[in-house]
Amino acid sequence: MSEDTGAAPPPRANPDLFGHEAAEAALRRLFAAGRLPHALLLSGPRGIGKATLGFRLARYVLAGGAGDASSAGLFSETNDAGLAIPRDSGTFRRVASGGHADLLTVERAYDPRRRRLRGEIVVDDAREIAQFLRLTPAEGGWRVVVVDGADEMNRNAANAFLKILEEPPLRALLLLVAHSPGKLLPTIRSRCRRLALAPLAPDIVTRLLARYRPDLPEAETAALTALSAGSIGRALDLAAAGGVELYDAMLALLAREEGIDPARLHGFADRLARADAADAYRAVEELLARLLARLAVGAARAVTEPAPGRDSIAIHRLGGRASPARWAELRDEIGQSFTRTDDLNLDKKQTILSAFFAIDAATR
C-alpha cells in the first residue's frame, strides 16, 4: 500500500483502493469460480473510486488472477481477498501507461473545435469497441474494455454498444463506470451485472486528503470532508478550486435578512465568469446543488434548532421559508440552467446571477 504524498494518481495508475473491500472480494470470488459476468456496471456517486476499482479488476483479469502477482515473493502487495497486483509487474505498468494491447479505455474524447472534452461519448468511440473485440488477444488471455462514464454515451453510441452486449465474445470483459446509471438505456442495464458502490466514510476521505493534500490546514480538511459527501474526487476538486472559501462566500450572500446585496453578488459572479476561473465556476455549480439538497432536507425535517455544521445556521434559517418540493424543484431548475450554459456556451455570469436571485426569491 502506498503512503506517498502528492497528487492523486489517475484511476488506471492508482495502486490503492479504499472503502470498497466487500465489492473487491466479491469480484475476486466470481473470477476464481469462473463466474465473472461478461459485463459489469459499476455505479455510484462521482469520485468515490468506481474507475479505480474497474482498472484494478482489469489488471487482475489481464494478469490471469494471481498470475504475474505470484512471482512477487513473500512481501508482495497482493492479499488473499482483494484484486491488487504488484506495481512493479508488467501488467500494472502497461495498464498504467495505457499501453496494454488487450485493454481498451473509452471515455469522452477531446473536441479540437471547442478545445475541451466533448460533452458525450459518440458513436465512433463505441464502434472502436467492436473493432477491438474482433482482434485476437495479444497475450492469449482476456480482452477488457473500460467505459469510463458510460452514462455519457449519446443515443447512437448507446445503441452501438448494445449490439456488442447482445453477442459478447468469449473471454471479454466489459466494465461500465456510471455516475448516473438511470441515464443508460434500460436494455443496457438489464444486460449488465450491477455493482453499486457507496460513498466513502468520512474518515477515509479525511485520510486521503491528508495523503494527497498535506498542505491543507486541519480545519479546511475537515470542511472539505463535510462538503465532499463521501467523494475523495470531489474533495480534491474543491480543494484545488478553493471550495471552502467559495462555500462561505455563497452562505454570506444568502445570509442577509434583507436579501442578497446585488453589488456583492455581481462581484462574485464576475469572479466566476473569468476565463481562468473554470474550476471555481464548476465548484460553485456543485456546491449550489449540495446547498439546495440540504435546504430541501432541512425543510422536510422542520427542526427547531440548527444542527452542527458549517452551513447549519443558513440551512435552519432558509430551509423553512420554502417547501421541500420547491427546494427540490429549484435544484433541478438551476442544474438545468448550468447544463444549458455549457451546451450552448451561454453567459456564465448570468447563470450565476439567475441562480442566486432564484434562491433569494424562494425565501421571500
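Rounded to the nearest 10 degrees, what's the angle between the helix 243-255 long axis and the longest principal axis of the chain, both from Cα atoms, 0 to 90?
30 degrees
For helix 50-62, what angle does its Cα long axis make with the longest principal axis of the chain, in degrees from 0 to 90 and rounded to 10?
0 degrees
Where nothing but the Cβ of Lys and Arg (+1) and of Asp and Glu (-1) is charged, how large is the charge dipole of the chain around its Cα centre, in debye to the nearest 20?
940 debye
Anyone know which of LEU200, LEU253, LEU238 comes out most mobile in the 10 Å Cα GNM of the chain?
Looking only at LEU200, LEU253, LEU238, the largest GNM fluctuation is found for LEU253.
Within 10 Å, count the other beta carbons around each residue, average over each peptide in 45-52, 255-262, and list them highest first. Write out the running numbers ahead of the final one.
Details: 45-52: 23.0, 255-262: 11.2.
Packing proxy ranking, top to bottom: 45-52, 255-262.
What's the percent breakdown of Cα-Cα distances in the range 140-204 across 10 Å bins, shortest bin first?
Reading the bins upward from 0: 18, 50, 23, 9, 1.
What do you get for the angle between helix 262-273 and the principal long axis of the chain? Use alpha-carbon atoms, 0 to 90 degrees, nearest ten.
Result, in degrees: 20.
What is the extension gain from LYS163 to GLN350, computed as 0.36 nm multiplied by their sequence separation minus the C-alpha to C-alpha distance, in nm to one decimal?
Details: separation 187, 0.36 × 187 = 67.32 nm, distance 4.25 nm.
Length gained, LYS163 through GLN350: 63.1 nm.
Rounded to the nearest 5, what % of the DSSP beta bridges within the chain are antiparallel ones? Kindly include the intermediate steps, with their values, before the conclusion.
On the way: 2 of 22 bridges.
Looking only at bridges with both residues in the chain, the antiparallel portion is about 10 percent.
Report the full-extension gain for the segment ASP88 to ALA300: residue separation times 0.36 nm, less the Cα-Cα distance, to one decimal in nm.
71.1 nm
Which percent of the accessible heavy-atom area of the chain goes to carbon and sulfur, probe 1.4 angstrom?
Numbers: 9210 of 17800 Å².
Ligands and nucleic acids excluded, carbon and sulfur reach 52 percent.
Residues with amide H under 5 Å of GLY64's amide H, sequence separation 5 or more or different chain, H placed in the peptide plane at 1.01 Å from N; which?
Excluding prolines and chain starts, which carry no amide H, there are no hits.
What FRET efficiency, computed as 1/(1 + (r/R0)^6) with R0 = 30 Å and r the Cβ-Cβ distance, is obtained for THR339 and THR363, rounded to the nearest 0.05? Mind dumping the intermediate values first?
Values: r = 24 Å, r/R0 = 0.81.
FRET efficiency, THR339 to THR363: 0.80.
Anyone know which of ASP342, ASP311, ASP111 comes out most mobile in the 10 Å Cα GNM of the chain?
Of the options given, ASP111 has the highest mean-square fluctuation.
Pick out, from THR341, LEU174, THR206, the residue whose Cα sits farthest towards the positive end of the charge dipole of the chain, with +1 on the Cβ of Lys and Arg and -1 on the Cβ of Asp and Glu.
With unit charges placed on the Cβ atoms, the residue in question is LEU174.
By how many nm would the segment from ASP261 to ARG116 lengthen if fully extended, with 0.36 nm per residue of separation less the alpha-carbon distance? Each step should come with its number before you reach the end.
On the way: separation 145, 0.36 × 145 = 52.20 nm, distance 3.44 nm.
Taking 0.36 nm per residue and subtracting the Cα distance, the gain is 48.8 nm.
Considering the values [x] 34; [y] 44; [z] 48, which represents percent of Cα pairs over 29 Å apart as calculated for the structure under consideration?
Here the calculated entry is [z].
Is the shape of the range 240-353 best called rounded, prolate or oblate, per the rule: a/c under 1.5 gives rounded, else a/b larger than b/c gives prolate, else oblate, with a ≥ b ≥ c the square roots of the Cα gyration tensor eigenvalues?
Details: a/c = 1.94, a/b = 1.55, b/c = 1.25.
Judged from the Cα gyration tensor, the range 240-353 comes out prolate (a/c at least 1.5, a/b above b/c).
Sort the following peptides by mean Cβ neighbour count (other Cβ atoms within 10 Å, averaged over residues), highest first: 286-297, 142-153.
Per-residue mean Cβ counts within 10 Å order the peptides as 142-153, 286-297.
Gap in Å between the Cα centre of the range 96-162 and the Cα centre of the range 248-305?
If you average the Cα positions of each part, the centres end up 37 Å apart.
Kindly identify the range 170-276 as rounded, prolate or oblate by the Cα gyration tensor criterion: order the square roots of the eigenvalues as a ≥ b ≥ c, call it rounded if a/c is under 1.5, otherwise compare a/b with b/c, prolate if a/b is larger, else oblate.
On the way: a/c = 2.70, a/b = 1.71, b/c = 1.58.
Judged from the Cα gyration tensor, the range 170-276 comes out prolate (a/c at least 1.5, a/b above b/c).
The values are calculated or read from the model by the stated rules, or taken from the named source; none is laboratory data. Because the structure is predicted, anything quoted here is derived from the model rather than measured. Counting neighbours? That spans all protein chains shown, and the Cβs are built from the backbone with ideal geometry, glycine included. Calculation scope for accessible area: heavy atoms of the full protein, side chains included, ligands and nucleic acids excluded. Shrake-Rupley method; radii C 1.70, N 1.55, O 1.52, S 1.80 Å.
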